[in-house]
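All remarks here apply to the structure that follows.
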Amino acid sequence: MAVIAAEAIGVAHERAEDYAGLSIAELDQRIAEAKAKLGERLVILGHHYQRDDVVKHADLSGDSYGLSVDARKAAAEYIVFCGVHFMAESADILGRDDQTVILPDHTAGCSMADMADIEQLEEVWEELDEILGDAEAQVMPITYVNSTAAVKAFVGEHGGACCTSSNAEPIVRWAKSLRPKMLFLPDQHLGRYTAFAKLGIPLDKMLVWNPNLRYGGHTPEAIREAEVLLWAGHCSVHAQFRPAYIKAWREKHPEINVIVHPECTLGVTNEADYVGSTAYIIKTINEAPAGSMWAVGTEINLVNRLQSNNPDKTIVSVSPFACLCSTMYRIDPEELCWVLENLVEGKVVNQIAVPTAIKQKARLALERMLEIAGN
């Protein structure tokens, strides 16, 4: 597990709560002043799902893995990651020894990442070893980057690799070429979509593994027959989309284009016109012709930003409800201002530091991904 150093150097300048009375204009000014004082020593990363009043201060915006790679290339000493916990961990894993990673709110987690607990994963591996004789020879573990550093380290230690929603296909192909089975975690929907829609692996060769049940809730015989074991995890945002929502949009607007993230259920991806990563969604809509209409199946902050950036198009959420990443939303301008002003005073608050032993093994999984799919 990563170590959260809330007050790593000195005494924190006030508390984040003490900034609550400041207006947005005051916060914007103080953030700008702190950034100017820190100069090239600082880089602020903003995930696409961040709220507008935070991401506008980012030096770089993107998806979780892309931002971690960008941070490693940056000359900055301090990396302030406006995202969630596993993203800051990845930045620390991939970053240089002279870089310090900070998460403005250390309670900003990810429900999907939390669904794959390292202790449960170790127990599952023991069960697979019991059933298959040699899990290491039979099962290739693949973890989505939306996972903890400890899970990445386990996967790296056992010969597996990480993947992103952009490169899941080549990673899964690689896994299939080396071992007869794979364990894909923590997002069952990305694993199912990739294995079925991209590689053509039959659905009846896949099992959803419930880590709370012995043998995942299956018989040893069923496990021996399966090719893909899907961890029973999901994204709380993308799981909210329904095929019925897409059908309703098509009935009202037959010309509408539907584009969704592969973390959605297979029923949703089957109904969509386009399926792809956050970067793919942004690129596709930005390059779409003026006057086109799009229903987007991903987090609402990004959907709204796409509409703002493409006023010549109509862009709506697939869902009639606001699909918000509540943990991502925890980071606010007050906390960003707090960590920056502490840095100006030479004090680090909310540092994310992955223990060396875990970092080395987790880096193996990430480096294998780069070797297989490229940067």
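The values are calculated or read from the model by the stated rules, or taken from the named source; none is laboratory data. The structure displayed is predicted, hence computed values, not measured ones. Cβ placement follows ideal geometry from the backbone for every residue including glycine, while neighbour counts extend to all protein chains displayed. The protein model used for the area step is the full one, side chains on, heavy atoms only, and it has no ligands, DNA or RNA in it. Shrake-Rupley method; radii C 1.70, N 1.55, O 1.52, S 1.80 Å.
Within the range 296-309, restricting attention to residues that are open to solvent by less than 10 Å² (accessible area, probe 1.4 Å) and either farther than 17 Å from GLY46 by Cβ or acidic (Asp, Glu) (or both), the residue that is modelled with the lowest pLDDT is GLU299.
Can you name the residue in the range 275-295 that is under 18 Å from the mean Cα position of the chain (by Cα) and among the hydrophobic types (A, V, I, L, M, F, W, C) and is also surrounded by the most Cβ atoms within 10 Å (Cβ to Cβ) among such residues? So the residue we want is ILE281. Whether any residue in the range 156-173 is among the aliphatic types (A, V, I, L, M) and open to solvent by 10 Å² or more (accessible area, probe 1.4 Å) is what I want to check. Scanning the range 156-173, I find no residue that is among the aliphatic types (A, V, I, L, M) and open to solvent by 10 Å² or more (accessible area, probe 1.4 Å), so the answer is no. Of VAL348, VAL344, all but one fail to be open to solvent by less than 30 Å² (accessible area, probe 1.4 Å), of a type in the set (Val, Ile, Thr) and either closer than 22 Å to PHE81 by Cα or touching a strand residue (DSSP E or B) at 6+ places or on another chain (Cβ under 6 Å) (or both); the exception is VAL348. Could you tell me whether ALA362 is small (Gly, Ala, Ser) and more than 27 Å from ILE102 (Cα to Cα)? Spelling it out, it is not the case that ALA362 is small (Gly, Ala, Ser) and more than 27 Å from ILE102 (Cα to Cα). GLU127 meets the stated requirement of being open to solvent by 10 Å² or more (accessible area, probe 1.4 Å), in contact (Cβ under 8 Å) with a residue 60 or more places away in the chain and more than 23 Å from the chain's Cα centre (by Cα). In summary, ALA137 fulfils each of the numbered conditions (1) closer than 27 Å to PRO220 by Cα; (2) touching a helix residue (DSSP H, G or I) at 6+ places or on another chain (Cβ under 9 Å) with the single exception of condition (2).
Listed here are the residues, each with its yes/no results for (1) modelled with pLDDT under 85; (2) of a type in the set (Phe, Trp, Tyr); (3) open to solvent by less than 10 Å² (accessible area, probe 1.4 Å).
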site: GLY39; (1), (2), (3): no, no, no
site: ASP63; (1), (2), (3): yes, no, no
site: LEU67; (1), (2), (3): yes, no, yes
site: LYS73; (1), (2), (3): yes, no, no
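Under the condition of being under 17 Å from VAL349 (Cα atoms) and over 16 Å from the mean Cα position of the chain (by Cα), the residues counted in the range 85-105 number 7. The C-beta contact set for the range 337-362 (first residue in contact (Cβ under 8 Å) with a residue 12 or more places away in the chain and under 25 Å from ASP28 (Cα atoms), second residue assigned to a helix (DSSP H, G or I) and open to solvent by 40 Å² or more (accessible area, probe 1.4 Å), distance under 7 angstrom, 6+ apart or interchain) comprises CYS337/ARG30; LEU340/LYS35; GLU341/ARG30; VAL344/LYS37. The single condition among (1) open to solvent by 60 Å² or more (accessible area, probe 1.4 Å); (2) modelled with pLDDT of 95 or more; (3) over 20 Å from the mean Cα position of the chain (by Cα) that THR356 does not meet is (2). How many of the residues making up the range 47-95 are of a type in the set (A, V, I, L, M, F, W, C), out of contact with any Pro (no Cβ under 9 Å at 6 or more places or on another chain) and not in a loop (DSSP other than H, G, I, E, B)? Matching residues across the range 47-95 total 12. Does ARG224 count as touching a residue at least 40 places away in the same chain (Cβ under 8 Å) and open to solvent by 50 Å² or more (accessible area, probe 1.4 Å)? For ARG224, the condition - touching a residue at least 40 places away in the same chain (Cβ under 8 Å) and open to solvent by 50 Å² or more (accessible area, probe 1.4 Å) - is met. Here HIS234 clears all of (1) part of a helix (DSSP H, G or I); (2) modelled with pLDDT under 95; (3) touching a helix residue (DSSP H, G or I) at 6+ places or on another chain (Cβ under 9 Å) except the condition numbered (1). For the criterion of being under 28 Å from LEU38 (Cβ atoms) and of a type in the set (Ser, Thr, Tyr), THR356 passes.
Of everything listed in (1) over 20 Å from the mean Cα position of the chain (by Cα); (2) surrounded by fewer than 23 Cβ atoms within 10 Å (Cβ to Cβ); (3) more than 18 Å from THR269 (Cα to Cα), the single unmet condition for TYR245 is (3).
Contact annotation: residue pairs with Cβ atoms under 9 Å, 6 or more positions apart or on different chains, pairing a residue in the range 200-216 that is open to solvent by less than 50 Å² (accessible area, probe 1.4 Å) and among the β-branched types (Val, Ile, Thr) with a partner that is modelled with pLDDT of 95 or more and in a strand (DSSP E or B), are ILE201/VAL228.
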